[in-house]
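To keep things clear, I will list the structure first and then write my remarks on it.
Only the coordinates and a few stated rules stand behind these numbers; no lab work does. What you see is a predicted model; the values in this text were computed from it and never measured. Note: ideal-geometry Cβ built from the backbone for every residue, glycine included; neighbour counts use all protein chains shown.
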Amino acid sequence: MKNQVLFTLALVIMSFMASAQERYFDERYISAQSFMFPVLVNPGAIGVSGDHELLFNYRNSWSSFEGSPSTIHFNYNGNLGNRVGFGAGLFRDSFGELETTKGLIGFSYTIDSPTNKLGFGLNTEYVQHRLGGGALDGVDATDEVILRRLDGAQFFDISVGVHGVYDEKVTYGVSFPSLVSSRVSEDVPGEETEREIGMILYGGFDYYSVGSGIHIIPSITIKKLNQVPTHVDLNMMFNFLEEKLVSGVNYTLGGEKRLGFLLGTKIDNVGFNYSYNISNTEFQKYNNGAHEITLSLNLSAKKKMIKVEGIQ
């Protein structure tokens, strides 16, 4: 009980510290499945596959602990033709009493050659950081500083990225989240915005074993993000039976060492992936780890199937 009280107090303090800095940590570090769905972290991946895709991503860190961080992300991306891609998304994250809401619209342009696809993308993002109503518990609700925190701070950001696929085997990319950031809400005298230029760099290789029919896909992702220690994700994924069964393992080095496991399946145009992570931090003993799920719907796959069957 004592540890829970201390942790809850620490969350409140962190909320006020982050709000005082006017800039919440970059949420792109959170997902353990971004190596499977690069569009979640890189606008350059918008429309590169040539399909239209809907994604629903949910992650609950420190599960079983009251008030644990949770993240919900809805995303659409697709190819509009003439090498132009379009994407849109909604994002919601809660960390103690600190809440982040983001809406984004993105575009990309893909250069396609016989051996290489290279997408150049840009996201425009409206971001709001604020404290939840629970932050008022036990404090003076008329305090102007607290009321300003409840109103939150709003920003307009621009993120850019490049995503490529070479010979349908090698995947690579780099993105610069919130490369340009402008505050929309009114500045508060005496407060300064602290931010860093972030970068996400990744690469992977799809090796197909003819004898077993298994795709073996090792990958690495390096993340240096705003208010987040630099860390490296090492991933190994296995696809069986044309993605009808997916499994994998990932390990994170850096600010927090995390070990994770992945299971998934894909049937026709619907995919489901679940991952579980535990960390080496002292707090791990007080929670049940992190759970993340991603539901994907390939809208183009259904159209292709109908044409093959001769209905259209």
Problem set entry | Per-pair calculated FRET efficiency, R0 = 35 Å: GLN154 and ARG83 via Cβ, rounded to 0.05 | 0.60
Exercise. Tell me, what HN-Hα J-couplings in whole Hz come from the Karplus equation 6.51 cos²θ - 1.76 cosθ + 1.60 at θ = phi - 60° for each residue of segment 164-181, using x for Gly and Pro?
Worked result: x, 10, 10, 6, 6, 10, 9, 10, 8, x, 8, 9, 10, x, 6, 4, 10, 9
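Using a 10 Å cut-off around each Cβ, can you sort THR115, THR101 from fewest to most neighbouring Cβ atoms?
Fewest-to-most Cβ neighbours within 10 Å comes out as THR115, THR101.
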For this session: Would you work out the relative contact order for segment 226-281, in percent, from Cα pairs under 8 angstrom that are 6 or more residues apart?
Result: 28 percent
Exercise. Which of VAL160, VAL246 comes first, and how do the rest follow, when ranked by fewest Cβ neighbours within 10 Å?
Worked result: VAL160, VAL246
Problem set entry | TYR286 versus SER64: modelled label distance in nm, points set 7 Å from Cα along the beta carbon direction | 1.4 nm
Seminar exercise, completed: Here FRET efficiency (C-beta to C-beta, LYS257 to LEU179, R₀ 30 Å, nearest 0.05) is 0.55
Exercise. How large is ³J(HN,Hα) for each residue in segment 61-78, as worked out from phi by the Karplus curve 6.51 cos²θ - 1.76 cosθ + 1.60 (θ = phi - 60°), to whole Hz, x for Gly and Pro?
Worked result: 8, 6, 4, 6, 9, 4, x, 5, x, 9, 9, 10, 9, 9, 8, 10, 8, x
Exercise. What is the fewest-to-most order of ARG92, ARG258 by other Cβ atoms lying within 10 Å of their Cβ?
Worked result: ARG92, ARG258
Seminar exercise, completed: If amide H atoms are modeled at 1.01 Å from N in the peptide plane, then the residues at a separation of 5 or more from MET199, or on another chain, having amide H under 5 Å from its own are LYS224, LEU225
